[in-house]
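Worksheet for the structure shown next.
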Amino acid sequence: MIRALLTTLGLLFIVALIGAGGALYVFHKFGQDLPEHRQLADYEPPVMTRIHSGDGRLLAEYAIEKRVFVPLSAMPKRVVQAFLAAEDKNFYDHVGIDPLGVARAIIVNIRNIGKDRRMVGASTITQQVAKNFLLTNEVSWKRKVKEAILAIRIEQALPKKRILELYLNEIYLGFGAYGVAAAALNYFDKSLDQLSIEEAAFLAALPKAPNNYHPTRKHGAAVIRRNWVIDRMQLSGFIELDEASAAKQLPLTPHDRSETQFVQAPFFAEDVRRDLAGRYGEEKLYKGGLSVRTTLDPKLQSMANRALRNGLIAYDRRHGWRGPFAKLSADTRLELPGDWKRAVDSVPRPKGLHDWRLAVVLGTDADYAHIGLEDGSEGRIPMRELTWARAWVKDQQRGPKVSRPDEVLATGDLVAVKAVSKDADGEPYPEGFFGLRQIPDINGGLVAIDPHTGRVLAMVGGYSYERSQFNRVMQAYRQPGSAFKPFVYLAALDNGFTPSTLILDAPFVIDQGPGLPKWRPANYSNKFYGPSTMRLGIEKSRNLMTVRLAQTVGMDTVADYASRFGLIERMPETLAMSLGAGETTLMNITTGYAMLVNGGKQITPSLIDRIQDRHGRTVFRHDDRVCRNCRERFWEQQSVPRVPDPRKQLTDPGSAYQIVSMLEGVVERGTGVRIRAVGKPLAGKTGTTNQERDTWFIGFSPDLAVGVFAAFDTPLPLGSRETGSSVSAPIFRDFMAEALADKPATPFRIPPGVRMVRINARTGQLARNGDEDIILEAFKPGTEPTGESQIVEGQSWSPTGGSVNSESGTGGLF
């Protein structure tokens, strides 16, 4: 008996020894060349980067996996308990693998042999972390052995809380949701702390196979699995029996996630994205969980979107109707709503419709075009809404006036329309009336900047981001024309000239040498006005005066100012450049104007106020000034802290104000007189290039600088008499009227030392009794008129007399 017992024990010992040796061999064999598990200690799951506007509203999100990371300490216990009950009830007791769970799975799988049931697993949460982070999804016993080895190592290297935190934030739960926080939003439109027992249980039912428990397509299986998790929660002591019973009786009702409200500023958001990618790389942008607070003002952005779009449409309508998007074939049936709805659906939807609707013309009569809309409803376009649609003719001309709808539209035409409630005179229309619309060929941009800080408050880079992602504020290098002239005049003011200096307005010719044509700049009016004040020269945008002034001051000086104010680097020192023949961007020239109204202080345009990493640490701040006493906790009558001003002074503040005052005259009496309708102190300058290819208006109030550019992307003439005054200035006007509607009429700030003197606007001399055209002019100390005057005449140079290369070409006009 004893011998048999000893024999049995010996055999068991030998088997155990062999088993232990086998286990050691397996661990040694498969434990080699495994991924480094210690990296999980510092692992941070990919988290989306969020871009916010200046008021905190969401502007854009960038991510590969849309995940919201939530620390374990911030997760509700109910959610954590649901996953522990469903996936690993012994999580806090095992060492990475659960021997009891493995034994139970083996027994269940043996019982299920031949019953066509799915094999039961026994992976712990730690094993799932090992698989999801460090291994592939290969289904094999070798991978399971590696998974077990890694799980044991992970348990030795990381605390349980860290392992559970990684699991709950990394796991894929279907519906495009990575992590429990994203799943709660995607399935129930709730945050984690709002989940009920049955909802938390449903999420915990998903890790094994989310598609098998889809809440709508496989509703029955999903409810069964959810109720199983609820039972496990009750058996584990996480909830009471009555709570479990009540939870199982409740329906499984998913809710679509509320549509995220984004501020509509796609050109702005894309430029921020490029900035972030340049600073931190694509990896950090799409996975780093950055929180970016931008400078964008959503109200101003909305106004900018509207003003630019309406202005481009207004220009486009002045130049006629280019025809429908498409024309349906003659045999297309259009008798029934279903017929035209199918016909409209068969044509690719044009990009850039915004709030317009697609319609097909069903027929016309003497007064109306009858249309079928894409939703199957009908409508009418009255003749009054078609009078603008004269046929487009080459060179932006128009055909004869329209007298009947069939002169514009024909049956089968696919067009854009917009519901209208009243006509141009304000008379109401009946229900179901529409206006004909056309996507403009012209494009443009608008940017608004805080002139004191450089913060970009609004930016629209084109008519439609959907049609073209090219940003005409940042990327389009075009000739600014006369919008460049203020910097020529500023250079003169800094070198002894005054707004009352007389400049000759007369023919100017330069012989450019053998074989080259003579350069003969001219005024837009092709007239000459004789000696005129510098102020009048900029107010009326006189080309000949500007050329003479640039020649006198020196193009090397003008080029220095162009570089100093960030308009054009290394500008050729040729006289044509003084008329705006160089190329710059709308952002650059608007920033240059901003530095005029802020007193000549250098600013750098910025779209980003602050960047924080995933942990909330600030890694970038646009305003990098240090104010040591700005964070005092208590007010004890101490002196108000002084915030340092590190901005570089680019020009004399007096000269800057003189230019501002002269540009205010442009609005009051000159080429920008359309802007006067706003009724607030405004200043600015039009710009147009030869053959009306580019149009600009750049201007400002005391605290807001705005630039507008409009032209064809491929430079073409805009049409006769289409200038910065007629195309871009109305856009500026409409934007400013809305932006400043609730703001007080703040006058431009006069710097210390500048004197306002009454002068005769025509002669530039001190005003006398009986003078009619009297204005207040700004003078720096000691520069007031004395009664003596000299006229800047310039000279026409020939090659033999010391030629100045004028470089004929496009230049400022109006």
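Worth a mention:
- Within the range 324-345, at least one residue is touching a Phe, Trp or Tyr at 6+ places or on another chain (Cβ under 6 Å), open to solvent by 20 Å² or more (accessible area, probe 1.4 Å) and not basic (K, R).
- Any chance G363 is surrounded by 13 or more Cβ atoms within 10 Å (Cβ to Cβ) and either in a loop (DSSP other than H, G, I, E, B) or of a type in the set (A, V, I, L, M) (or both): no
- In the range 155-171, the qualifying residues are those that are farther than 20 Å from A183 by Cα and in contact with a Lys or Arg (Cβ under 9 Å, 6 or more places away or on another chain), and the one that is surrounded by the most Cβ atoms within 10 Å (Cβ to Cβ) is L158.
- Residue within the range 254-267 that is in contact (Cβ under 8 Å) with a residue 60 or more places away in the chain, closer than 30 Å to P298 by Cα and in a helix (DSSP H, G or I) present: yes
- Here D556 fulfils each of the conditions (1) more than 29 Å from P605 (Cα to Cα); (2) open to solvent by 10 Å² or more (accessible area, probe 1.4 Å) apart from (1).
- Check on R642, surrounded by fewer than 21 Cβ atoms within 10 Å (Cβ to Cβ), more than 29 Å from the chain's Cα centre (by Cα) and part of a loop (DSSP other than H, G, I, E, B): yes
- First in the range 657-685 and touching a residue at least 40 places away in the same chain (Cβ under 8 Å), second anywhere and of a type in the set (S, T, Y) and open to solvent by 30 Å² or more (accessible area, probe 1.4 Å), Cβ under 8 Å, 6 or more apart: K680/T746; P681/T746
- Pairs, first without any contact (Cβ under 8 Å) to a residue 12 or more places away in the chain in the range 325-346, second part of a helix (DSSP H, G or I) and open to solvent by less than 30 Å² (accessible area, probe 1.4 Å), C-beta under 6 Å, six or more apart: R333/D339
- Residues (surrounded by 17 or more Cβ atoms within 10 Å (Cβ to Cβ), within 41 Å of the chain's Cα centre (by Cα) and more than 15 Å from N495 (Cα to Cα)) located in the range 525-543: R535, L536, G537, I538, E539, K540, S541, R542, N543
- Taking strands (runs of 3 or more DSSP E) as the structural unit, no element lying wholly within the range 425-493 holds at least 2 residues that are at pLDDT below 95.
- In the set (1) under 21 Å from I442 (Cβ atoms); (2) free of Cβ contacts under 8 Å to residues at least 60 places away in the same chain, the condition left unmet by L353 is number (2).
- The range 575-586, residues that are open to solvent by 10 Å² or more (accessible area, probe 1.4 Å) and either among the hydroxyl-bearing types (S, T, Y) or in contact with a strand residue (DSSP E or B) (Cβ under 8 Å, 6 or more places away or on another chain) (or both): E583
- Every condition in (1) among the hydroxyl-bearing types (S, T, Y); (2) loosely packed, with under 15 Cβ neighbours inside 10 Å; (3) under 13 Å from V79 (Cβ atoms) holds for T216 except the one numbered (3).
The values are calculated or read from the model by the stated rules, or taken from the named source; none is laboratory data. Note that this is a predicted model, so its numbers are computed, not measured. FYI the Cβ positions are ideal-geometry reconstructions off the backbone, even for glycines, and counts take in every protein chain you see. Remember, those area values only see protein heavy atoms, side chains included, never the ligands or the DNA or RNA. Shrake-Rupley method; radii C 1.70, N 1.55, O 1.52, S 1.80 Å.
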